[in-house]
Amino acid sequence: MSHEQQESFCEKLSGELRHFRWREIFTWKLLRMLAMGQGLSALICGTAVTSQYLATEFQLDVPMFQSCINYVLLCLTYTTALCFKKGNENILQILKTKWWKYLLLGLVDVEANYAVVKAYQYTTLTSIQLLDCFILPVLLILSRIFLKTRYRIIHYVAVFVCLAGVGAMVGADLVSGRDQGSSSNILLGDGLVIISATLYAVSNLCQEYIVKNKSRIEFLGMVGLFGMLISGIQLGVLEHMEVGNIQWKWQTALLLGGFAICMYTLYSCMPVVISMTSATAVNLSLLTADLFSIFCGIFLFQYTFSGLYVVSLLAIMVGFIMFNTVPTPSQSPEPVSQEAGQDNQAVEHDDERQVGSAVDNQEKCVIDSNLENLPAKNGHILRSVKM
């Protein structure tokens, strides 16, 4: 970057900062989004801790079986809810017109989960943490192309600050000697992480579009249906022996149940947070999930604490707040869902009633003014009309 380009970049950034109303940044909406984003990170931490207990204490490594349980729960609740919808929101109407789209979306979501879990067998934890951030630039590019999202310089700076926080976390892992994982085939493992991050970006982008333009129930119901079918087939092919050899104990059932509850809650709540912000903002907030897992590991698995973890947490929080200080509107108008249309119709009826009442009041005022101009001998007529 030349000196002139650096000056232009600094001028644009300083110009955006000058137009900020700093007192209006920390609103209840921002604090609510921040709290909900960290709640999602806590749920991801719950899935990580339960999976680690299953792998270390009970030698149980069945990621596809765990994912299949989650998709079954989604299908039982949200897909069933679609069966009772009417009109275009009914499951039969959706399957007639968009079944192949949701089939591809379910395939993308299932394989994204499977690829990142499979990567632990070939590469190190440090590589996974670093390359998993590849989802952010992919989301920025895809959102700009398909959703026509307009990003400003402050948004790119916020992403850079969050990535710097991830770098501090990885540095703390290296200092504390927590660079776990296999290194049998690092190239394959890193490739799986990049593939997983790309698939997650596509899934999250589709989720943002469907949630903001259709409905949350439709997205979760279709992902639950096709995710259950795809993961069930993949489970029968790849993990049928491992599932058949499970030594069922109450601890194993409890951990599997805990994982399923955390994952199901994560899938149910994430569309709500995305509808309030964007998929990119949510993924920035989810960068703290590894930190939460580390903090839990300090007490549960005797990890070594480092001050860089606190620095990483603060950097990610600052980047998330910076990203949400400036809105990222879409250039193209968003279609209105049926539910939103009903709400708008109700508002229009209210507006019509208000306009009608205003017209009536104006007519009444005209009549009153005309009556008041009548002679005094017609006062009895004036009183009768006003009554």
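Each of TRP250 and PHE305 was given a label point 7 Å from its Cα along the Cα-to-Cβ line. The distance between the two points is 3.3 nm. In terms of other Cβ atoms within 10 Å, LEU266, LEU287 run from fewest to most in the order LEU266, LEU287.
Please work out, to two decimal places, the log10 of the ratio I(q)/I(0) at q = 0.20, 0.25 Å⁻¹ from a Debye calculation in which every Cα of the stretch 114-164 carries one identical scatterer. Values, matching the q order: -0.78, -0.94.
Karplus-based coupling profile of the stretch 201-211, in residue order and whole Hz: 4, 5, 4, 5, 5, 4, 4, 4, 5, 5, 5, with θ = phi - 60° in 6.51 cos²θ - 1.76 cosθ + 1.60 and x standing for Gly or Pro.
What is the distance in Å between the Cα centroid of the stretch 73-100 and that of the stretch 221-251? First find each Cα centre; the distance between them is then 23 Å.
Annotation: amide H-H contacts under 5 Å for LYS85 (H modelled 1.01 Å from N, sequence separation of 5 or more, or interchain): ILE91.
Couplings for the stretch 297-302, taken from phi via the Karplus curve 6.51 cos²θ - 1.76 cosθ + 1.60 with θ = phi - 60°, read x, 4, 8, 8, 10, 6 Hz in order; Gly and Pro are left as x. Classify the stretch 25-332 from the C-alpha gyration tensor, please: rounded if a/c falls under 1.5, else prolate or oblate depending on whether a/b exceeds b/c. The shape class here is oblate. Longer than 23 Å from Cα to Cα, which of LYS29/LYS98; LYS85/LYS148; LYS98/LYS212; LYS101/LYS148; LYS148/LYS214; LYS85/LYS212 are they? Say none if no pair is. Those over the limit are LYS29/LYS98; LYS85/LYS148.
In terms of the Cα gyration tensor, with a ≥ b ≥ c the square roots of its eigenvalues, is the stretch 168-321 rounded because a/c is under 1.5, prolate because a/b exceeds b/c, or oblate?
Numbers: a/c = 1.65, a/b = 1.11, b/c = 1.49.
Oblate, since a/c reaches 1.5 and b/c is not below a/b.
Grouping the Cα pair distances of the stretch 59-154 into 5 Å bins from zero gives a pair-distance distribution of 2, 9, 12, 16, 16, 16, 15, 8, 5, 1 percent in increasing distance order.
Throughout, read-outs are computed from the coordinates displayed, never taken from laboratory work. From a predicted model like this one, the values you see are computed outputs, not experimental measurements. Counting neighbours? That spans all protein chains shown, and the Cβs are built from the backbone with ideal geometry, glycine included.
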